[in-house]
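Student: Below you will find the structure I want to go over with you.
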Amino acid sequence: MKKTMSLLLMGAMGLFGTYAFAGSDREDTEERMQKSVEVLQSIMSTPDKGIPEDVLNGAKCIVVVPNLLKGGFIFGGKHGRGVASCRTPEGWSAPAFVSVGGGSWGLQIGVEGVDLIMLVMNEKGLQHLLSSKFELTGEGSVAAGPVGRQTSAGTDILMNTEVLTYARSKGIFAGLTLEGAVVEQDNDSTRAIYGHNMRFRSILSGRVPAPASANAFLRAVSEAGHQAHVAENK
């Protein structure tokens, strides 16, 4: 009898632990989406030091990895975790969750609160992102994005580079060279929000309805271009 009760108790504790872990994952992922909203809302707060409007409006997808440095990306070799959305004929897709690991920084920012923005600029970059795992290798794959009103000087970059990368520190965006980083699907966060694993391609192609918890993030993505236009014309 005691053995049976012990087994039942252990089973109950294990089940509770599973639910608690799932709840924690969901809370962490929802908090990441909220932090990504804050990053997006600040993209064009200073037009001369932000991501140019035409760069943002020309992006096929946007990936936000908030608090990257706190994740030990530079110093510990760990990975950051972020949120992605891509343009579809019906608007921006439901969010897909990514992890970013490895690679080297072309700009070392030794302060807390560094956020990473990746803009997927062409069809080749889009297909790489939809593959659920790819490496930023340079040579047309990734480049530091132009800032402020530098777009005229970076026309070739805009046309030929798959992914433009930016770092944000203290509200200011700077182009970031980030080569060798691996971007892949964050399965734990995907399960936490959608209830089960789903392919990147299904989510980012617009075939998956967005959960209510993603409304603020998607609204921030769609409004970012409008914010850029207003900021530039002040």
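Student: For Val39, Val114, Val83, which order do you get if you count the other beta carbons within 10 Å of each Cβ and list the fewest first?
Tutor: Final ranking by Cβ density, sparse to dense: Val39, Val114, Val83.
Student: Just want the ordering: Met198, Met159, Met33, from fewest to most Cβ atoms lying within 10 Å of their own Cβ.
Tutor: Listed from fewest to most nearby Cβ atoms, that is Met159, Met198, Met33.
Coordinate-derived values only; no laboratory data. Predicted model, so just to flag it, every value in this text is computed and none were measured. Glycine gets a Cβ as well: all are built from the backbone with ideal geometry, and neighbour counts include every protein chain shown.
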